[in-house]
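To keep things clear, I will list the structure first and then write my remarks on it.
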Amino acid sequence: MKKLATLLSLTLFLFGHHAFAQKAQRKTPAHRSDAGRIVVSEIVIEGNKKIEKDAILAKLKSRVGEPYSTELVHEDVRSIFDLGYFFDIQVIKTDVPKGIRLTYKVVEKPSVVEITFRGNSELTENDLKEAIDLKPYQIQDISKIQKAQDKLSKLYEDKGFFLAKISFRFEKIGNDNDRVRLVFDIEENEKVKVKSINFIGNTKIPDSEIKRVMQTSEEGFFSFLSSSGSYKQEVFDRDVQIISYLYYNRGYVQVKVSKPIVSVSPDKKGIYISIRIEEGEQFEVGDVEFQGDLLFSNAELYDTIKIDKSNIFVAQTLQEDVSALQAKYGDLGYAYANPIPLTTLREKERKVDIVFKIEKGNKVYFGKFNIVGNSRTRDKVVRREMQIQEGELYNETKKRESLANIKRLGFFDDVTLNPKTPENSPDVMNLDVSVIERNTGSLQVGAGYSSYSKANFYGNIQQANLFGRGQKLGLYLNWSKFDQSYSIDFTEPHFLDTDWSTGFDVYRTKRIVEDIYDQRITGASVRVGHPITDYLKGWLRYKNDITRVELASGTNPILYPVNTVNGRTSSLTFTLEYDKRDDRMMPTDGFYANTSFEYAGLGGDLKYTLSTATARFYQKIFWDLVWRNNVTYGIISAPNGREPPYTQLFLLGGANNLRGYQYSHVGKRILDTTKTPPQEVPFGGKQELFLNMEIEFPLISEAGIKGVVFYDIGQAEDNFKGDKFQADYGFGFRWFSPIGPLRFEWGFPLDAKTDDSATNFEFSIGSPF
């Protein structure tokens, strides 16, 4: 439009110039310069309101007192347009006694005093305003408005409204042509879902395997709750690259993934995607060589890489080898070592030859470490997890271990180490340890009902980063008509900033078995721990408590032997803990193991030994799909053929083991003859064994909502029997909320007793295991 206005103005100008020339032949000739050329005697600006006259004159090349030039006038018009304030410009040339008067008549662009949206229902006006880079009371700028239009289209596309249409127009406000309203008209249409994804030409890798690695997925049963089935162009573009990478990891280095064909259904509610794949032949690894700055022997370098040990060429292995070589050189201080893998294809032999060309660069020393983003956590909590020190020679392996240690704390959603090189110091690397803190508190709450314990409630409040010092504090409560338990525990992981850990527990429990006995336990414990290796830690715990049990009148002392539970317990527990999880609070990868042995017999009245072992394995299958496993075993015994305290016997059920059964409802039962009629009640076994398996998957990633399906199996008996195992299955939802991970789980028992419900619902706040 600007070019059209310019052309019309110049046409009018030339037409006026021609008419002026004809009149000039009949009138007195205009004033001329010494060279005989017409002189510009005056320049006039008309129509400007928002911009000063001098600002316009400064842009003109035509000058008063200088010869008139048509070319200069053309340049003047373009320069005035470039100011961005004018919609139209006309140039009028008038004869005056001393030469020519040039009048530039400008028509200013209106001001956009209001921006509004019409037709939007799925997205709020605030969402739309945040997406555009426009503010009220700016000069109308079509190019900026078009960019805003594109941003709105992109926003709707990201939300799944692939067919949304955005247009804009202007409405005059009042009778003033200088003020307009910018209106974005939005036709949202329905949210588009991917109905099907079809692959053409793939014979080596099946459709299901390709779809498994893509973020774009077909519409499913839970699509109304999640983003599954949504089409986002940027995500789909990445999927095309991911498909190629999948083939590269199988040795198909000549694969060609064509541009997908996307078609829309007639009702504009779904899209169909077709992708053509030319797989090519599978290639093996050929010759592997090293060139460049070789600081190690070929034998050492070959021991570092893995690509030469595999038959099929795998792109991911090649990337891991590059990282391993960087670490090997980095451990010598060469922070910017660059191993470049050069590949050559031998098509006839179907082999890939690889040459690692290594550029070592210069040695680098660590400079200053800055902790960024920690509003609650103290700097020293982060610094003491770092294996590197300011001023020492760069070490890549220790730097990576430092990053893993900080992540493993579980205090942060994200941790990055950002290197910075100071000016004039290329051999120094400063590090910004950038963290994004998460809520480190958790609350577990549960409730249930059974014919034995009636209504019950239990809760567990924990803070893993107390006052930002990395200290742990936990409060536990279990309450019902017949059971009340309270405890508090505290752990200082770095006593006096050393590697020694210390802690204590204080607890009190009360248990009433109606018409049988009343039991009370009060006690405390202290513990100390120290690392043994990088991931292995040892603990020593001393416990001292007193148990008081009173039998009700008429209770059979044979069933409930008071002498096995009454008195003081003085015990020592040794624990070994191995922890290589990526995150202690919400792990998605790694391994955890714990084994402990408690000996009660350091004085006191009660004598027993209690041993437990736990192993947990976590693996991210792909994307955010996480497989979790937990196995726990425990056994208790007493010396000299005595019975162990039945208060220490094992019972299962609830949110932390068998989720399909009520709390402490699975285990050895005894016949209580004091009841009328007699009935079996949970008593507890000398051994426990249970397994938890679950798969966690994203539902609404943007909101941090995930789904889970699980299977649990276990028993708590004196001696394990195949027919005594009880199992359950179920599903649930987890929301990683500001107060911690909320868990909503429905468990269905596979071997329910008569007093078990068909469904057990558990609500808790905190990670499952």
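Among what's in the range 291-314 and is surrounded by 20 or more Cβ atoms within 10 Å (Cβ to Cβ) and farther than 19 Å from Glu396 by Cα, pick the residue that is modelled with the lowest pLDDT. For the range 291-314, the residue satisfying everything is Ile307.
Here are some residues: Arg212, Arg181. Which one is of a type outside the set (A, V, I, L, M, F, W, C), open to solvent by 90 Å² or more (accessible area, probe 1.4 Å) and either part of a loop (DSSP other than H, G, I, E, B) or touching a residue at least 40 places away in the same chain (Cβ under 8 Å) (or both)? On inspection, the qualifying residue turns out to be Arg212. Taking residues in the range 420-443 that are hydroxyl-bearing (Ser, Thr, Tyr), and partners anywhere that are crowded, with 17+ Cβ neighbours inside 10 Å and outside any loop (DSSP other than H, G, I, E, B), the pairs with Cβ atoms closer than 6 Å and at least 6 places apart or on different chains are Thr440/Ala464; Thr440/Asn465; Ser442/Gln462; Ser442/Gly740; Ser442/Ile765.
Count of the range 607-629 residues, restricted to those that are polar (S, T, N, Q) and closer than 23 Å to Asp718 by Cβ, is 4. Total residues in the range 260-277 satisfying the condition of being surrounded by 14 or more Cβ atoms within 10 Å (Cβ to Cβ) and either of a type in the set (D, E, K, R) or within 25 Å of Tyr247 (Cα to Cα) (or both): the figure is 9. Is it the case, given these coordinates, that Ile56 is open to solvent by less than 20 Å² (accessible area, probe 1.4 Å), part of a strand (DSSP E or B) and either aromatic (Phe, Trp, Tyr) or over 30 Å from Glu190 (Cα atoms) (or both)? No, not satisfied. Being surrounded by 14 or more Cβ atoms within 10 Å (Cβ to Cβ) and more than 30 Å from Ser258 (Cβ to Cβ): is that true of Phe162 here? No: the conditions fail for Phe162. Of the residues making up the range 396-433, those that are open to solvent by less than 30 Å² (accessible area, probe 1.4 Å) and assigned to a loop (DSSP other than H, G, I, E, B) number 3. Residue check: Lys543 meets all listed conditions (1) in a loop (DSSP other than H, G, I, E, B); (2) open to solvent by less than 30 Å² (accessible area, probe 1.4 Å); (3) of a type in the set (Lys, Arg) but one, namely (1). Checked against (1) closer than 25 Å to Trp539 by Cβ; (2) modelled with pLDDT of 80 or more; (3) in contact with a helix residue (DSSP H, G or I) (Cβ under 9 Å, 6 or more places away or on another chain), Arg642 passes all but condition (1).
I'd like the full set of residues that are over 30 Å from Ile166 (Cβ atoms), open to solvent by 60 Å² or more (accessible area, probe 1.4 Å) and part of a strand (DSSP E or B), limited to the range 96-107. Before you say what the answer is, go through the steps one by one.
Of all residues in the range 96-107, those over 30 Å from Ile166 (Cβ atoms) come to 96-106.
Retained after the next criterion (residues that are open to solvent by 60 Å² or more (accessible area, probe 1.4 Å)): 97-98, 101, 105.
Residues satisfying the conditions are Arg101, Lys105.
For the residues Arg63, Arg78, Arg37, the requirement of being in contact (Cβ under 8 Å) with a residue 60 or more places away in the chain and open to solvent by 60 Å² or more (accessible area, probe 1.4 Å) singles out Arg78.
State whether the residues of the range 165-175 include one that is of a type in the set (A, V, I, L, M) and either part of a strand (DSSP E or B) or open to solvent by 70 Å² or more (accessible area, probe 1.4 Å) (or both). Yes, the conditions are met somewhere in the range 165-175.
Among the residues of the range 561-575 satisfying the criterion of being in a strand (DSSP E or B) and open to solvent by 40 Å² or more (accessible area, probe 1.4 Å), which is farthest from Leu691 (Cα to Cα)?
From the range 561-575, those in a strand (DSSP E or B) are 567-575; that's our starting set.
If we keep only those that are open to solvent by 40 Å² or more (accessible area, probe 1.4 Å) as well, we get 568, 572, 574.
Numbers: Arg568: 33, Leu572: 28, Phe574: 24 Å.
Once the filter is applied, the top-ranked residue is Arg568.
When you scan the range 184-209, how many residues do you find that are surrounded by fewer than 17 Cβ atoms within 10 Å (Cβ to Cβ) and within 14 Å of Ile242 (Cβ to Cβ)? Qualifying residue count for the region: 1. Would you check which residues across the range 315-347 are more than 17 Å from Asn362 (Cβ to Cβ) and among the charged types (D, E, K, R) and list them? Residues satisfying the conditions are Glu320, Asp321, Arg346, Glu347.
Within the range 492-512, being out of contact with any Pro (no Cβ under 6 Å at 6 or more places or on another chain) and part of a strand (DSSP E or B) holds for Glu492, Thr502, Gly503, Phe504, Asp505, Val506, Tyr507, Arg508, Thr509, Lys510, Arg511, Ile512. Scanning the range 571-609 for residues that are small (Gly, Ala, Ser) and without any contact (Cβ under 8 Å) to a residue 60 or more places away in the chain returns Ser571, Gly590, Ala593, Ser596, Ala600, Gly601, Gly603.
Applying the condition of being touching a Pro at 6+ places or on another chain (Cβ under 9 Å) and either part of a loop (DSSP other than H, G, I, E, B) or aliphatic (A, V, I, L, M) (or both) to the range 352-380 and asking which residue is most open to solvent (accessible area, probe 1.4 Å) yields Asn362.
Condition check ((1) farther than 22 Å from Pro419 by Cα; (2) of a type in the set (Asp, Glu)) across all residues:
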residue: Glu279; (1), (2): yes, yes
residue: Glu284; (1), (2): yes, yes
residue: Asp287; (1), (2): yes, yes
residue: Gln291; (1), (2): yes, no
residue: Glu300; (1), (2): yes, yes
residue: Ala324; (1), (2): no, no
residue: Asp331; (1), (2): no, yes
residue: Glu349; (1), (2): yes, yes
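Each row is one residue, and each column tells you yes or no for (1) modelled with pLDDT of 85 or more; (2) under 30 Å from Arg181 (Cα atoms); (3) among the polar types (S, T, N, Q); (4) in contact with an Asp or Glu (Cβ under 6 Å, 6 or more places away or on another chain).
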{"residue": "Leu14", "(1), (2), (3), (4)": "no, no, no, no"}
{"residue": "Gln25", "(1), (2), (3), (4)": "no, no, yes, no"}
{"residue": "Ala30", "(1), (2), (3), (4)": "no, no, no, yes"}
{"residue": "Arg63", "(1), (2), (3), (4)": "yes, no, no, no"}
{"residue": "Thr70", "(1), (2), (3), (4)": "yes, no, yes, no"}
{"residue": "Phe81", "(1), (2), (3), (4)": "no, yes, no, no"}
{"residue": "Thr116", "(1), (2), (3), (4)": "yes, yes, yes, no"}
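Residues of the range 323-339 that are among the small types (Gly, Ala, Ser), under 17 Å from Val355 (Cα atoms) and in contact (Cβ under 8 Å) with a residue 24 or more places away in the chain: Ala337 alone. Do the conditions hold for Pro110, that is, is it on the phi < 0 side of the Ramachandran plot, touching a residue at least 40 places away in the same chain (Cβ under 8 Å) and open to solvent by 70 Å² or more (accessible area, probe 1.4 Å)? No, not satisfied.
The values are calculated or read from the model by the stated rules, or taken from the named source; none is laboratory data. As the structure is a computational prediction, the values presented were derived from the model and not from experiment. Ideal geometry is used to build each Cβ from the backbone, glycine not excepted, and the neighbour counts take in all protein chains shown. Ligands, DNA and RNA are excluded from the accessible area calculation, which covers all protein heavy atoms including side chains. Shrake-Rupley method; radii C 1.70, N 1.55, O 1.52, S 1.80 Å.
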